[in-house]
Amino acid sequence: MPAITVVIAEEEKERRATCQRILAAERGIRVIGEAGTAAETLAAARLTPRILIVDDKLALGRGFVLPIFRRASPNTRVIVLTGQSAAPALLDALAHGAHGVLNRRLLRALLGKAIRRVAAGESWVPRKIIPMVVESLRSLPASEISP
């Protein structure tokens, strides 16, 4: 089975290096690129990684790269790294195309597992926001969520 290809887009160089070290020890996962800015992240779309690991500040903050990256590389699945546990920020990431959200404090314990699950087509979200996701869907008109 081919390796899961990953691009790490993180503004902080040390955190990019931490992700690199963690993933270097993970069998079946290969980092094919890194980005530290919005422009570098968007340029990495040409690599068509299976997974984009992206800092929440890059994804939804300055530059708002998540929706643009998803249009440029629609088959890439996205995990947003966040330091926030506030549900609105997590819901915002999911609403803009993220397939998963992972708290930075849990990188060492969960990064490899999150990548494998998201690459397999699953979502990776904290359990505590699932009721909020369901409630958000309930508030939408049926015409907006029907296939």
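The numbers here are math on the coordinates, done by the rules we state, and not lab data. In this text the structure is predicted, and so the values were computed from the model without any measurement. Every residue, glycine as well, gets a Cβ built from its backbone with ideal geometry; the counts of neighbours run over all protein chains shown.
Scanning the stretch 46-81 for residues that are β-branched (Val, Ile, Thr) and over 11 Å from Ala93 (Cβ atoms) gives Thr48, Ile51, Ile53, Val65, Ile68, Thr76. In the stretch 7-44, the residue that is surrounded by the most Cβ atoms within 10 Å (Cβ to Cβ) out of those that are within 23 Å of Arg71 (Cα to Cα) and in contact with a Lys or Arg (Cβ under 7 Å, 6 or more places away or on another chain) is Ile8. Considering every residue within the stretch 14-31, establish whether at least one is touching a Pro at 6+ places or on another chain (Cβ under 7 Å), touching a residue at least 24 places away in the same chain (Cβ under 8 Å) and not in a helix (DSSP H, G or I). The answer is no; no qualifying residue exists. Any residue at all in the stretch 109-124 that's outside any helix (DSSP H, G or I), within 15 Å of Val7 (Cα to Cα), among the basic types (Lys, Arg) and in contact (Cβ under 8 Å) with a residue 40 or more places away in the chain? No, the stretch 109-124 has no match at all. Of the helices (runs of 4 or more DSSP H) lying entirely inside the stretch 35-99, the ones with 2 or more residues being in contact with a Leu (Cβ under 7 Å, 6 or more places away or on another chain) and hydrophobic (A, V, I, L, M, F, W, C) are found at 56-60, 65-72.
In the set Ala59, Ala72, Ala89, Ala35, only one residue is over 16 Å from Gly100 (Cβ atoms), under 14 Å from the mean Cα position of the chain (by Cα) and not β-branched (Val, Ile, Thr); that residue is Ala35.
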